[in-house]
């Protein structure tokens, strides 16, 4: 009997020690860096406030659930970055930095990556490409799982479509990383 009490007592100490170490590790890796690292709150040079049309476009992007399938961050791992896919004519897309997202509330970085990452898509395609893509994505990307969004192009004389494209064209434009021949907003 004495042995069982001793074991139970030691297991409680072990559990308390593991829980304490977990909490210390969690605080040290999430809360302390956020409080001490000032560069996370500094905007990337070239960051501009959203225009009214871009704000409406971001709201449409959120409303239609685009951020459930598309991410907006180029990650640090080479295998996970899809730098070539997010890149432009052989130039790899640079890794996303916290300063690019300072003005975004909520941050729509995403995690699923069912569709391609959109972090650097601004200026990569023109309006006619986006129009065709929203009407029927499979016309441009065979095998795409993205559903068509024809109402965005047709509703309100295309106003929602124009606003959404205005927002999409801002993605990745805060840093100068692309060679010439970028499409205009």
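The values are calculated or read from the model by the stated rules, or taken from the named source; none is laboratory data. Owing to the predicted nature of the structure, the values given are computational and were not obtained by experimental measurement. All Cβ positions, glycine included, derive from the backbone under ideal geometry; neighbour counts span all protein chains shown.
Give the range 46-68 a look and list any residue that's closer than 16 Å to residue 109 by Cα and surrounded by fewer than 16 Cβ atoms within 10 Å (Cβ to Cβ), or say none.
59, 62, 63, 65, 68
On the given criteria, is residue 137 over 11 Å from residue 171 (Cβ atoms) and at pLDDT below 80?
Criteria not met by residue 137.
Can you name every residue in the range 107-154 that is more than 14 Å from residue 66 (Cα to Cα), out of contact with any helix residue (DSSP H, G or I) (no Cβ under 7 Å at 6 or more places or on another chain) and surrounded by fewer than 18 Cβ atoms within 10 Å (Cβ to Cβ)?
Answer for the range 107-154, where residues must be more than 14 Å from residue 66 (Cα to Cα), out of contact with any helix residue (DSSP H, G or I) (no Cβ under 7 Å at 6 or more places or on another chain) and surrounded by fewer than 18 Cβ atoms within 10 Å (Cβ to Cβ): 125, 126, 128, 129, 136, 138, 141, 142, 143, 151, 154.
Please note which helices (runs of 4 or more DSSP H) are completely contained in the range 83-168 and include at least 3 residues that are under 27 Å from residue 43 (Cα atoms).
Once the helices (runs of 4 or more DSSP H) in the range 83-168 are filtered for at least 3 residues that are under 27 Å from residue 43 (Cα atoms), what remains is 83-86, 159-168.
Return a yes/no flag: does the range 51-65 have any residue that is within 24 Å of residue 145 (Cβ to Cβ), in a loop (DSSP other than H, G, I, E, B) and modelled with pLDDT of 75 or more.
Within the range 51-65 (the criterion being within 24 Å of residue 145 (Cβ to Cβ), in a loop (DSSP other than H, G, I, E, B) and modelled with pLDDT of 75 or more), the answer is yes, since at least one residue qualifies.
Could you grab me the full set of residues in the range 12-45 that are free of Cβ contacts under 8 Å to residues at least 24 places away in the same chain, surrounded by 10 or more Cβ atoms within 10 Å (Cβ to Cβ) and outside any helix (DSSP H, G or I)?
37
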